[in-house]
Amino acid sequence: MARQERVTRIIDGDTFQTASRKHSIRLANVNAPEVGKRSGAAATKALKKLIEGQSVTVETVARDKYRRSVAKVKIGRRSVNKAMNETLKG
């Protein structure tokens, strides 16, 4: 079931936090470089520009070993997962 949530913090290019969850959310099928790695800062900046402070729709598809939701995320009708994968390719 998808839920509307407000993004409060971007952790890196594929992980963020919302106001209503204890654990962070990781974008499903997105593998952005970590902060400190080559292009990591650019990926983080791209995700910030896309969703920071915004209301997003989160559909959890799994949980990872860190107890994070692994999710399909949309802002309006736009897939954040797809947008980030396109950004990472470019």
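Every read-out reported here was derived from the displayed coordinates using simple, explicitly stated rules and does not represent laboratory data. Keep in mind that this is a model prediction, so the values were computed, not measured. Note: ideal-geometry Cβ built from the backbone for every residue, glycine included; neighbour counts use all protein chains shown.
Over segment 3-89, what lengths in whole Å, largest first, do the semi-axes of the equivalent ellipsoid take, defined as the square roots of 5 times the eigenvalues of the alpha-carbon gyration tensor?
Rounded to whole Å, the semi-axes are 18, 14, 12.
Given R₀ = 30 Å, what would the calculated FRET efficiency be for Glu34 paired with Ser55, taking r from the Cβ atoms and rounding to 0.05?
0.65
Taking the chain as a Gaussian network, where each spring joins two C-alpha atoms under 10 Å apart, which residue of Ala28, Ala71, Ala19 fluctuates the most?
Ala19
Provide Arg78, Arg68 in ascending order of the number of other Cβ atoms located within 10 Å of each residue's Cβ, fewest first.
So the ranking, lowest neighbour count to highest, is Arg78, Arg68.
Sort Met84, Met1 so that the residue with the fewest other Cβ atoms within 10 Å of its own Cβ comes first and the one with the most comes last.
Ordered from fewest to most neighbouring Cβ atoms within 10 Å, Met84, Met1 come out as Met1, Met84.
Which angle from 0 to 90°, rounded to the nearest 10, does the C-alpha axis of helix 80-89 make with the longest principal axis of the chain?
Result, in degrees: 10.
Rounding to the nearest 10 and keeping the result within 0 to 90°, find how far the Cα-based axis of helix 40-51 lies from the longest principal axis of the chain.
In the chain, helix 40-51 runs at an angle near 40 degrees to the longest axis.
Compute the distance in nm between two label points, each set 7 Å from the Cα along the Cα-to-Cβ direction, one at Arg63 and one at Ile75.
Calculated label separation equals 2.8 nm.
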